[in-house]
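The values are calculated or read from the model by the stated rules, or taken from the named source; none is laboratory data. It should be emphasised that the depicted structure is a prediction, and the values quoted were computed from it without experimental measurement. Cβ: placed from backbone, ideal geometry, glycine included. Neighbour counts: every protein chain shown. Areas reflect the complete protein model, heavy atoms only, side chains present, ligands, DNA and RNA absent. Shrake-Rupley method; radii C 1.70, N 1.55, O 1.52, S 1.80 Å.
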Amino acid sequence: MKNLRTKHVCIHGHFYQPPRENPWIEAIEREESATPYHDWNERINLECYRANTAARLVDDNNRILNLKNNFKYFSFNFGPTLIHWLEDHDPWVYRAILDADKESCEAHKGHGNAIAQVYNHVIMPLANQRDKVTQVQWGIRDFEWRFGRRPEGMWLAETAADRSTLLVLAEAGIKFTILSPYQAARWRFKKDTQWRDAGGGSIPTGRAYRYNCGSGKHINIFFYDPALARGVAFERILEHSGRLLEQIDRTNDLRDPGSDEPWLVNVATDGESYGHHFKFGDMAMAAAFHELERDPSSEITNYGSFLASFPVVAEVEIFENTAWSCAHGLGRWSVDCGCHIGGETGWNQKWRAPLRAAVNFVRDKVASHFELEAKKLCKAPWKARDEYIDVVLDGKEYLESFLQKHLNGPPGAENVPRFLELLEMQRFSLLMFTSCGWFFDEISQLEATLILKYAARAMQLAGRTGADPIEPGFLEILKRAPGNVPEYADGADVYLKKVRPDIIGKNQVAANYTIQSLARNSNRQFQIYTYGILPHKEEDLGSNPVPCLYGHISVKHDRTLTRQDFLYAVIHFGALDFRSWIKPYTGEDEYACILTALQNCIEDQNTSKMVRVLDEKFGTDYFGLHDVFKDLRSSIALEISRKTIGYYTDLQRSLFHTFKPLFSSLRQWGIRIPSDLRVSIRRVLSDEAERLVTDVLGHEQESRSPEPVWDSTDFYYRAHVAGLNLLLEDARIWDVKLYLGNIANKLGQALIKSMVELAQTFDPAEAGRFFRLLSICGVLGEKPEIWKLQTLYFEFITKGAGNPELLARIKDVERFADQLDAVLWCNFSRLLKEIPASFSRVPVPVRESRAVAHFRKHDSK
């Protein structure tokens, strides 16, 4: 039991990225600035979110000694739109975060580390009352759905606060929030009558303060320590855990030495500080948590637990309309206040006020339309909006009961899609206030452009449900938003050039389906992002004179359930030249008429006539590959290119073997082979190496050898390894470096799959398979991405150390662990030495394998 002089420590991470999804397809398309990653979410996940689920504790040689899930110790919030992305794209990380919160609940008597966040990071004091309520309700419901409990605290975007916002939180049952000390105006002990000035961030930050919200409600506020936050965010104290611990001690020393009041050393920063903004920040934090755990005078806690353990003895008043990242109140999200990231000389942010005025205009117009139209369908439209979050989270499970609760009368074929379109219109009306759109320097940048796209989607849905045009008034306001770059004169110019061309209708989705169907017929997709495709009739009209498909399909939107039928015809003129004609389906007679006309053209072998017929029947507008969604477009282009490159590689392989004696003679005479020929040799040998490895992977999948781990006697395996060694020798002779990136990726995925199985079953055959695949990596001199392998290996070792009978299934398990330690640069095998002596182990002399020898030589540590 800790005494009142215990050093209570709470490190809060605000983990958040702005929603980056294309609003028409509900997915993030490739972001070139994040290369080599697909997008910034993927990149930051690997550097921060994933890294913190298994942060490395290392020795002086950087060998990994232990792994720590930092979320078991962090107080944290995840933006709902970000954690939804994690759920879909990295369920392993998502599950590790949820599990960490469960463990923290057990450790802190039901008070978990996770707190909620207002749904999509809006600046709450700038929102109207209705939107404030929905943001809080959606944030709470999203939290409950994921974490399985009611949130005690809620993070306010940018810590932006006013009395009205805090009242909404208190009325929703939120017990506390976290603010910057610079937002505190004055404070006093509850027993006192005299207020104390808190200006300039001077409020003592080691306790909770009660705030009177009015209407008989109150909420508790924690103010984070400014010096500690500044150190984490700007002064690089995450470069070493010792620097962080020293600052924690200095902060703790600020407490009143004569007081017995329990004191909380707490800091709140962007969660991305721990690994993304500061490389290895996750490791520094893990080491700090490790030391704090070992310190008998310290206790790692969270805000909810501290609040429940100690009475609140003080109260506070705050400065209204303030935030942690703007020295001018809320100017950063509403005016040209001077706050900026960098930008160029002469840039200004005069566009901020018109942008906010423009989206306020859209909000008010679609709100009036929603209220008018939804009342015809629904008993309580705004209550339905507040509860629509359940449909967003799990539409298939919840939709029917939601419709039964809110629709007037039984759901009909027409009123359900219309009702859902109105609710989706409101969802995008909320998303268009995401704070990041105003945070940066230029209105044509990604974040502000996304705000305009969300507004465009809201206006599109308003138009589909019968609203008068909103866009003209929206553009008039945007004309007052000056740009800083010559390409875009103002916000209206940005909208017309970067947003309106990207507005998607179901006809373009239909074209996406048709082009990918013709390009990759055997692998075509019937679900394209949020749209389902149902073919009714499809005619493959052959490839003479040109490949052509014709048919009738339905396109259905998953969220709104709206559906539209189309006729299509698509032609491939070769290379990447596709043309897809789309028109609304009107009936079977028209379908048959167009089919007959196309068949006549094909019988005449007349391509020009086909095009004329299609222009006549469908109109002269058509879709091409440039109209296909970015990622699908890239995959189609790559697939077509691979076929062409495959033919080229086959030709190169044939020429290489035909002229190999000549090349050998040139080499023997000391004549260097020209570089263009060496490129061809590299391609041929690399392709052959990939084929051999692919064959081994297939063989291992079909027939796993039950032989001991260390005896790779399977002839198929040995023969293919011999072939790889011969290829490597050829590469050395011809002085070429093989391209092995694809091979390393394939081996890495196979190794991960094998280690997952091994950690579950402790199957000796699986151990043998894993080691053989790892040995191939050593033969090739390639190391797959090992972060996940290290993490799975740690799970395998710790699980086995806790249950030695599992380890007994694997022959020579200590040797196996020693080998993996060397390859993966870990020291986990030491955990086996802690197994009770009653578990019998037969010592086996260790002989370094070829794979280990390679990794020891080349590992970058």
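A few notes on this one:
A quick yes/no check of all residues on (1) aliphatic (A, V, I, L, M); (2) on the phi > 0 side of the Ramachandran plot; (3) outside any loop (DSSP other than H, G, I, E, B):
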position: R5; (1), (2), (3): no, no, no
position: I11; (1), (2), (3): yes, no, yes
position: R20; (1), (2), (3): no, no, no
position: W24; (1), (2), (3): no, no, no
position: H38; (1), (2), (3): no, no, no
position: E42; (1), (2), (3): no, no, yes
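- Check on D394, in a helix (DSSP H, G or I) and modelled with pLDDT under 95: yes
- Within the stretch 298-325, the residues that satisfy the criterion of being of a type outside the set (S, T, Y), open to solvent by 10 Å² or more (accessible area, probe 1.4 Å), part of a loop (DSSP other than H, G, I, E, B) and touching a residue at least 24 places away in the same chain (Cβ under 8 Å) are F310, V312, V313, F319, E320, N321, W324.
- Test result for E447, in contact with a Gly (Cβ under 7 Å, 6 or more places away or on another chain), of a type outside the set (S, T, Y) and outside any loop (DSSP other than H, G, I, E, B): yes
- Condition check for S401 on (1) over 26 Å from A455 (Cα atoms); (2) open to solvent by 70 Å² or more (accessible area, probe 1.4 Å); (3) without any contact (Cβ under 8 Å) to a residue 12 or more places away in the chain; (4) of a type in the set (G, A, S): one failure, at (2).
- Of the residues making up the stretch 326-356, those that are among the small types (G, A, S) and open to solvent by less than 40 Å² (accessible area, probe 1.4 Å) are G329, G331, S334, G342.
- Total residues in the stretch 744-801, condition open to solvent by less than 40 Å² (accessible area, probe 1.4 Å), more than 26 Å from E729 (Cα to Cα) and not acidic (D, E): 21
- Exactly one residue out of E588, E538 is charged (D, E, K, R), over 30 Å from V391 (Cβ atoms), open to solvent by 70 Å² or more (accessible area, probe 1.4 Å) and free of Cβ contacts under 8 Å to residues at least 60 places away in the same chain: that is E588.
- Residue among Y49, Y16 that is touching a residue at least 40 places away in the same chain (Cβ under 8 Å) and over 27 Å from L632 (Cβ atoms): Y16
- If you filter the stretch 603-629 down to residues that are among the aliphatic types (A, V, I, L, M) and under 41 Å from the mean Cα position of the chain (by Cα), you find that the one that is most open to solvent (accessible area, probe 1.4 Å) is L625.
- Taking the listed residues N41, N69, the one that is free of Cβ contacts under 8 Å to residues at least 60 places away in the same chain, within 30 Å of S309 (Cα to Cα) and in contact with a helix residue (DSSP H, G or I) (Cβ under 6 Å, 6 or more places away or on another chain) is N69, with no other qualifying.
- Residue list for the stretch 752-787, restricted to those being under 16 Å from Y739 (Cα atoms), within 26 Å of the chain's Cα centre (by Cα) and not charged (D, E, K, R): P784
- Candidate set from the stretch 96-143 (those that are farther than 22 Å from N69 by Cβ and free of Cβ contacts under 8 Å to residues at least 40 places away in the same chain); member that is most open to solvent (accessible area, probe 1.4 Å): Q129
- Which listed residue is open to solvent by less than 10 Å² (accessible area, probe 1.4 Å) and out of contact with any helix residue (DSSP H, G or I) (no Cβ under 8 Å at 6 or more places or on another chain), from T6, T35: T6
- Condition check for R50: out of contact with any helix residue (DSSP H, G or I) (no Cβ under 9 Å at 6 or more places or on another chain) and either open to solvent by 20 Å² or more (accessible area, probe 1.4 Å) or not in a helix (DSSP H, G or I) (or both): no
The rows are residues; the columns are (1) of a type in the set (G, A, S); (2) within 20 Å of F223 (Cβ to Cβ).
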position: Q247; (1), (2): no, yes
position: S259; (1), (2): yes, yes
position: P262; (1), (2): no, yes
position: T269; (1), (2): no, yes
position: H290; (1), (2): no, no
position: I300; (1), (2): no, yes
position: V316; (1), (2): no, yes
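- Subset of the stretch 192-229 (residues that are out of contact with any Phe, Trp or Tyr (no Cβ under 9 Å at 6 or more places or on another chain), in contact (Cβ under 8 Å) with a residue 60 or more places away in the chain and open to solvent by 10 Å² or more (accessible area, probe 1.4 Å)): R210, N212
- Flag if Q404 is part of a helix (DSSP H, G or I) and more than 30 Å from D39 (Cβ to Cβ): yes
- Verdict on A233 being at pLDDT below 95, crowded, with 16+ Cβ neighbours inside 10 Å and part of a helix (DSSP H, G or I): yes
- Residue count, the stretch 430-444 (criterion: more than 20 Å from the chain's Cα centre (by Cα), more than 16 Å from G331 (Cβ to Cβ) and assigned to a helix (DSSP H, G or I)): 1
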